[in-house]
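Beneath this line is the structure, given in structure tokens, with notes to follow.
Every number here is computed from the coordinates shown, using simple stated rules; none is lab data. All of these numbers come straight from a predicted model, not from anything done at the bench. Please note: Cβ atoms are built from the backbone with ideal geometry, for glycine as well, and neighbour counts cover all protein chains shown.
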Amino acid sequence: MNDPRLKSQETPIFPFTAIVGQEEMKLALQLNVIDPKIGGVMIMGDRGTGKSTTIRAIADLLPEIEVIKDDPFNSQPLEKNTEEKETEFIKIPMVDLPLGATEDRVCGTIDIEKALTEGIKAFEPGLLAKANRGILYVDEVNLLDDHLVDILLDSAASGWNTVEREGISIRHPAQFVLVGSGNPEEGELRPQLLDRFGMHAEIRTVKDPNLRVRIVEERTLFDFDPKAWIEKYKQQQEGLKEKLIKAQQLLNNVDISYDFRIKIAKVCSELNVDGLRGDIVINRAAKAYAAFQGNTTVSIADIEKIVVLCLRHRLRKDPLESIDSGYKVKKIFEEIFDLN
């Protein structure tokens, strides 16, 4: 079913650089692309605020990756003995996880009958295999079964997916950026699960009438002539793509001073953040943001830019308490970093 005519009929994707507003969401996605070890992002906000459009747009912006042809796990050529194997370049995988997905659909299944009768491990890959080296997007993640959310978070953190059935075990790489979105009116994720997301972006419906008109006009013009609209933003898209690639290359050379690391730890301690995940994510995100700016040293401004995104969802103690909007995080940050 690899009909070349079908490949040419891909749905046009709204350019990332054409998206108006929603700076928190865009920044969180870009930083996770620069350093996937930040741990993904949870995007909570009103319906119809462009969550899905933005997530698809960031995936479309990324450079192609080299994979072994017809490999179900998008394996890198170096991952296996590939002397005899053909490779190809594909777009970064962007996998949608449907709300009603079963565990087998997500993780994959083992054909026990084939394993017993033919003595081979017959594995049918799931969505985690397809998402390897890409982005896994779960809309309405707060309505997903907790058990499934746990599996997703475990795979995202470890980079592996293990399927076990009747004494047979299959393990495959599952390295992806996990992006969840949801509407707070439909309930929050449990704090234990929410804490596992690296960042938490809040988005709100735009109130400014001029901005609303501009957003509607941009979308209308894109729907009328997608090719022309994509061409219009081509230069900006290429510029941002280049900036992201340079940031990825620079990331390992970025340094954060001991004094800043101590102050980050004090912020987390003062806010009673459980565990050390908050400290780790702030350090990673600050480095990613510095690299995004083309710098090799983290500044106070870099930390200030990302600290709310990294901590606002880690403050809750009572499951019924709403997520802090960021005021408390900002206040403590300013006190400890002497910005008052």
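Table for the structure above
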{"quantity": "Cα extents of the stretch 252-336 along the three principal axes, largest first (Å)", "calculated": "42, 21, 21"}
{"quantity": "Cα-based reach from residue 234 at 13 Å (exclusive), listing aspartates and glutamates while leaving out same-chain residues under 8 positions away", "calculated": "60, 242"}
{"quantity": "Sorted by Cβ neighbour density within 10 Å, fewest at the top, the residues 172, 147", "calculated": "147, 172"}
{"quantity": "Nearest-20 debye value, the chain charge dipole, Cβ charges on Lys, Arg, Asp, Glu", "calculated": "920"}
{"quantity": "Farthest toward positive dipole pole in the chain [+1 Lys/Arg, -1 Asp/Glu at C-beta], among 252, 308, 332", "calculated": "332"}
{"quantity": "Spacing of the two label points (7 Å from each Cα toward its C-beta) at residue 243 and residue 171, in nm", "calculated": "4.0"}
{"quantity": "Of 51/207; 91/305; 37/266, those spanning more than 19 Å from alpha-carbon to alpha-carbon", "calculated": "91/305; 37/266"}
{"quantity": "Proportion of all alpha-carbon pairs of the chain beyond 30 Å (%)", "calculated": "41"}
{"quantity": "Pairwise Cα inverse-distance average, inverted: Kirkwood Rh of the stretch 235-283 (Å)", "calculated": "13.0"}
{"quantity": "Nearest 10 degrees, 0 to 90: helix 51-61 Cα axis against the chain principal axis", "calculated": "70"}
{"quantity": "C-alpha center-to-center spacing [the stretch 17-56, the stretch 150-190] in angstrom", "calculated": "19"}
{"quantity": "Dipole of the chain, positive end: most advanced residue of 99, 295, 175 [Cβ charges, Cα centre]", "calculated": "295"}
{"quantity": "Cα long-axis angle, helix 258-270 against the chain (0 to 90 degrees, to the nearest 10)", "calculated": "90"}
{"quantity": "Mean Cα-pair separation over length for the chain, i.e. relative contact order, pairs under 8 Å, 6 or more apart, %", "calculated": "21"}
{"quantity": "Most to least packed among 258-269, 24-35 [average Cβ atoms within 10 Å]", "calculated": "24-35, 258-269"}
